[in-house]
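The values are calculated or read from the model by the stated rules, or taken from the named source; none is laboratory data. Everything numeric in this text was worked out from a predicted model, so none of it was measured. Cβ coordinates were reconstructed from backbone atoms using ideal geometry, including for glycine residues, and neighbour counts include every protein chain displayed. The accessibility values were calculated without ligands, DNA or RNA, using every heavy atom of the protein model including side chains. Shrake-Rupley method; radii C 1.70, N 1.55, O 1.52, S 1.80 Å.
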Amino acid sequence: MSLLVVGLSHRSAPVSVLERAALSADAQAKLLQDTLAAEPAVEASVLSTCNRIELYADVDKFHAGVAELSTLLAQHSGVGLEELTPYLYVHYEDRAVHHLFSVACGLDSMVVGEGQILGQIKDGLARSQELHTAGRLLNDLFQQALRVGKRAHSETGIDRAGQSLVTFGLEQLAAGRPVDVWAKDKRALVIGAGSMSSLAAATLARAGVAEVVVANRTLERAERLAQILGEPGGAGVAARAVPMDAVGGELTRADVVVSCTGATGLVLTGAQILRATQGRKGGLSLLDLAMPRDIDGAAHRIDGVRFVDIESLAEASADAPMAADVDKVRGIVSDEVAAFGAAQRAATITPTVVALRTMAADVVAGEITRLDGRLPGLDEKQRAEITQTVRRVVDKLLHAPTVRVKQLAAEPGGAGYADALRTLFDLDPEAVAAVSRADLNELNEPVAKNRGRAS
């Protein structure tokens, strides 16, 4: 395993740099394709959220891999390499696994313990599966990260250490009051209909707002979200959808606005917000969860506006208390990293063991054919008994060494056992490689049929 991750997050870079480095869906796809075309990388996946951009790759050379991945991140983010480099972090092999597992558990999130990161990891895996840039290593890694994250949330109280970014943002807007008390009977405008916006709309509906208006560039998606919010089995709140060009008018009637779109420019300008505040009796609360930002930073300076964005959330979360359960999650992560490493090391020996058993089966078949020529008078029962006896002898001779070599290969430093086995039995390297290719084809078959799905 030569796993490498190069990235930046709210822990390593200011929000202004993260905002400029944010990657659109198309840019992420192009980054993956270009990474795979680069010489050091044979697999690639991107994890992109509102507060992190990370490029994972299976590389054959560490230093060349770091240089190439850093350059590609700079090229596709639009931030110059010299400016970006001081904010980049690098993790390799077991440290890279530890990092992703920690991220999956919410330990590296802006709000510790938030669970939305699991959906974002799932999206990253689905994207690389769709583009066929993830092979066995990254498929195994991301799938296991999802399982580790779910385990952390089910076995510990990590959820108590923090909330989702949406809930945390609304708590900042409420300024110490319970969110349901603060939100009661307010009119809410939600801009965007993606996962974060949908969560915000549902959270506001449960908190008791009088109405939720959903605006989105694709009106059908906004209508679908509004329909779900209004269903009796759902939140049961008054909800309606509007096109994006109606946002200006809706802003004058809204009490609270949450925006999270994939737009590359501002969705709400300072001038729009200023006009919306003129003549109103109550204040206007704005929550911007987008990266890059949707709402003009000038909102901070407008009277009657309470504005919370990713940057202010980062400052507030720095003082958030850590739960005792965080230590338990760290223990889970350490155990899972060790288990993943052992499984990956053991897997490297499997093609060699399969090739060895295949060679043994070929030897048995050849000897039985030779026996048929020397003893043509054998009846079917006799021939079958001899064949079964020879196979049992071969299986018994190979059983103990192949079981033991798998155990040894799973231990740190066990990679050399595969080489030793190939040398001792004079195995054809192409036969071993053929087993590996067959395994990879078998892996990709269900991926092609179930793109975008991950457990």
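Tell me which of these Ala298 doesn't satisfy, since it passes every other one: (1) within 34 Å of the chain's Cα centre (by Cα); (2) open to solvent by 30 Å² or more (accessible area, probe 1.4 Å). Tallying (1) within 34 Å of the chain's Cα centre (by Cα); (2) open to solvent by 30 Å² or more (accessible area, probe 1.4 Å), Ala298 fails exactly one: (2).
Would it be correct to say that Leu287 is touching a residue at least 24 places away in the same chain (Cβ under 8 Å), open to solvent by less than 30 Å² (accessible area, probe 1.4 Å), under 20 Å from Thr203 (Cα atoms) and in a strand (DSSP E or B)? Talk me through it step by step, then tell me what you get.
Numbers: touching a residue at least 24 places away in the same chain (Cβ under 8 Å): yes; open to solvent by less than 30 Å² (accessible area, probe 1.4 Å): yes; under 20 Å from Thr203 (Cα atoms): yes; in a strand (DSSP E or B): yes.
Spelling it out, Leu287 is indeed touching a residue at least 24 places away in the same chain (Cβ under 8 Å), open to solvent by less than 30 Å² (accessible area, probe 1.4 Å), under 20 Å from Thr203 (Cα atoms) and in a strand (DSSP E or B).
Output the qualifying pairs, or none if there are none: Cβ atoms under 9 angstrom, residues six or more apart or on different chains, first residue in region 337-365 and more than 21 Å from Phe142 (Cα to Cα), second residue open to solvent by less than 50 Å² (accessible area, probe 1.4 Å) and outside any helix (DSSP H, G or I). The qualifying pairs are Ile349/Ala410; Ile349/Gly414; Thr352/Leu427; Ala355/Leu427; Leu356/Leu427; Met359/Leu427.
Would you point out the residue of region 376-391, among those that are open to solvent by 100 Å² or more (accessible area, probe 1.4 Å) and in a helix (DSSP H, G or I), that is nearest to Val363 (Cα to Cα)? Let's see the steps before the verdict.
First, pick out the residues of region 376-391 that are open to solvent by 100 Å² or more (accessible area, probe 1.4 Å): 376, 380-381, 385, 391.
Pick out the ones that are also in a helix (DSSP H, G or I) and you get 380-381, 385, 391.
Working: Glu380: 20, Lys381: 21, Glu385: 17, Arg391: 10 Å.
Per the stated criteria, the residue is Arg391.
Output the qualifying pairs, or none if there are none: Cβ atoms under 8 angstrom, residues six or more apart or on different chains, first residue in region 240-269 and of a type in the set (Lys, Arg), second residue in a loop (DSSP other than H, G, I, E, B) and surrounded by 17 or more Cβ atoms within 10 Å (Cβ to Cβ). If the second residue must be in a loop (DSSP other than H, G, I, E, B) and surrounded by 17 or more Cβ atoms within 10 Å (Cβ to Cβ), no pairs are left. In summary, helices (runs of 4 or more DSSP H) completely within region 81-183 and bearing 1 or more residues that are hydrophobic (A, V, I, L, M, F, W, C), touching a Phe, Trp or Tyr at 6+ places or on another chain (Cβ under 8 Å) and farther than 30 Å from Ala210 by Cβ occur at 94-104, 116-130, 136-155. Of all residues in region 260-284, those that are surrounded by 14 or more Cβ atoms within 10 Å (Cβ to Cβ) and not small (Gly, Ala, Ser) total 11. Here Leu251 fits the description: within 18 Å of Lys186 (Cβ to Cβ) and part of a helix (DSSP H, G or I).
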